[in-house]
Amino acid sequence: MHNTYQNIRFKTEFVPHKDWLQIKTIDMHTGGEPLRVILDGFPELRGNSVLEYRRYCKENFDQLRTALMFEPRGHADMYGCILLPPNDDDGDFGIIFLHNEGYSTMCGHAIIAISTLAVDMHWIDVKEGDNIIKIDAPCGRITAFANVAHGQVTGVRFHCVPSFVVGLDRKVDVEGLGTVTYDLAYGGAFYAYVDMEKNNFNFDLSRSSYRALITNGMAIKQAVMKADKNILHPFEEDLSFLYGTIFIDHKKQASGNDSRNVCIFAEGEVDRCPTGSGVSGRMAIHKARGEIDFGETMCIESITDSVFKGSIVSEEDYGLFKAVIPQVEGTAHITGMQTFVIDTDDPMKNGFILR
């Protein structure tokens, strides 16, 4: 056998240079939407709450967010998270979310994935049936239930933070689209929900409309941000911003699912899953319209045909709003384990994006 090929076969471990930063991750997906779970090597974040950790990361280590989310280690639609101490002793852990634009306030697909990983890694004492995990996100405490059968996670459902409607059937003028009708609601993040049947668009919610969805989703987001002054969280200024546009096809789908969601969020990211926080906001909208009640479930599919189940657990007053506590259910899977290195001499060490 050729000596070089022998070396290739038996010398498979690379030893990074001592001055390189090494960051270990486990990569996952929920309904096709990626999650890069940062486990080791990220510098210590300072603070006394998840919101404080989030601010500290943004102010001091944003170049590592771009290094891990952007090319060449990631891509324009990459998503990640960092695990942190909980806000109080009653929580299991805290979490902050990373993407191409910055740091989101809530992420349902990440909650489903990280709850699955908590079981697979035995970070919690695993038992058959429901395993309760209390997670502090920037938007508040999320309670997840990882169902285990014969030692394997069969699915995760979570109870989101109070979710509420700000306004129904609002209108905004959007360049290239004319007047667009939308609902404004919060499910851990604020979204403009756009019903395809109420708007005369020349695109649909299929994969072939991918580019049109990004372009028009971002145009609607920018127009709503400019025109709508009611994107205000009742208690936290850090949560008072529009995260994305969600296009909805309310018709019964060929798959048998109740409807279809496509979310365009952050800087033009397309959610591959039905968007957990988006489904949470939708539960508030459907309750306000009398389209869902306690004990009923909606199956909502994404652009990749993956499905989340949405329902309502309870209602409560939340500031000036009548809010619901939504439940969202889905499944997640591990795709790989990575050790990323940051070569100090690499001119592209902080990443870049081409779309």
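The values are calculated or read from the model by the stated rules, or taken from the named source; none is laboratory data. Note that the structure is a prediction, hence the values are computed from the model and not measured. With ideal geometry, Cβ positions are generated from the backbone for all residues, glycine too; neighbour counts draw on all protein chains shown. Heavy atoms of the whole protein, side chains included, go into the accessibility calculation; ligands, DNA and RNA do not. Shrake-Rupley method; radii C 1.70, N 1.55, O 1.52, S 1.80 Å.
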Using only DSSP helix segments of four residues or longer, with each worth -39500 (n - 2.57), what per-residue ellipticity at 222 nm results for the chain after dividing by its residue count and rounding to 500?
-6000 deg cm²/dmol
Taking every other residue with Cβ under 9 Å from the Cβ of Y193 and scoring Lys and Arg +1, Asp and Glu -1, one gets -1
Please work out the Cα center distance from segment 32-94 to segment 284-355, rounded to the nearest Å.
17 Å
Ignoring ligands, DNA and RNA, what percent of the accessible area of segment 151-254 is carbon or sulfur (1.4 Å)?
48 percent
Which three extents, in whole angstrom, do the alpha-carbon atoms of the chain cover along their principal axes, largest first?
70, 48, 42
With the other protein chains left in place, how much accessible area per residue, in square angstrom, belongs to the chain at a 1.4 angstrom probe?
45 Å²
Ranked packing of 193-205, 216-228, 29-41, most packed first, by mean Cβ within 10 Å:
29-41, 216-228, 193-205
So how tilted is helix 276-288 from the main axis of the chain? Cα-based, degrees 0 to 90, rounded to 10.
10 degrees
Would you work out the relative contact order for the chain, in percent, from Cα pairs under 8 angstrom that are 6 or more residues apart?
21 percent
Filter the GluC sites (Glu not before Pro) in segment 19-93 to those in DSSP coil with at most 15 other Cβ atoms within 10 Å of their Cβ, and list the result.
E44
Restricting to Cα pairs under 8 Å and 6 or more apart, the percent relative contact order of segment 47-123 works out to 25 percent
Exceeding the 25 Å Cα-Cα cut-off - candidates K58/K309; K134/K309; K226/K349; K134/K221; K287/K309
K58/K309; K226/K349; K134/K221
To the nearest Å, what is the center-to-center distance of segment 150-178 and segment 227-253, using C-alpha atoms only?
8 Å
Calculated over segment 147-225: convex hull of Cα atoms, volume per residue (Å³):
138 Å³
To test your reading of the geometry: what angle, between 0 and 90 degrees and rounded to tens, separates the Cα axis of helix 108-120 from the longest principal axis of the chain?
40 degrees
Nearest 10, in degrees from 0 to 90: the angle of helix 50-60 to the longest Cα principal axis of the chain is 60 degrees
25 °C / 0.890 mPa s Stokes-Einstein diffusion coefficient of segment 215-319, Kirkwood radius on C-alpha pairs, µm²/s:
164 µm²/s
Within a Cβ distance under 13 Å of R46, other residues only, what is the Lys/Arg minus Asp/Glu net charge?
0
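Over the alpha-carbon set of segment 1-101, divide Rg by the Kirkwood Rh and report the Rg/Rh ratio to two decimals.
Dividing the radius of gyration by the Kirkwood radius yields 1.11.
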In Å and whole numbers, how far do the C-alpha atoms of segment 309-350 stretch along each principal axis, longest first?
54, 29, 11
Explain nothing, just the number: relative contact order of segment 178-328, from Cα pairs under 8 Å at least 6 residues apart, as a whole percent.
22 percent
Comparing D19, D92, D169, which has the greatest mean-square fluctuation in the GNM of the chain with Cα pairs linked when under 10 Å apart?
D19
Out of segment 276-335, which chymotrypsin sites (Phe, Trp or Tyr not before Pro) are coil in DSSP terms and have no more than 16 other C-beta atoms within 10 Å?
F294
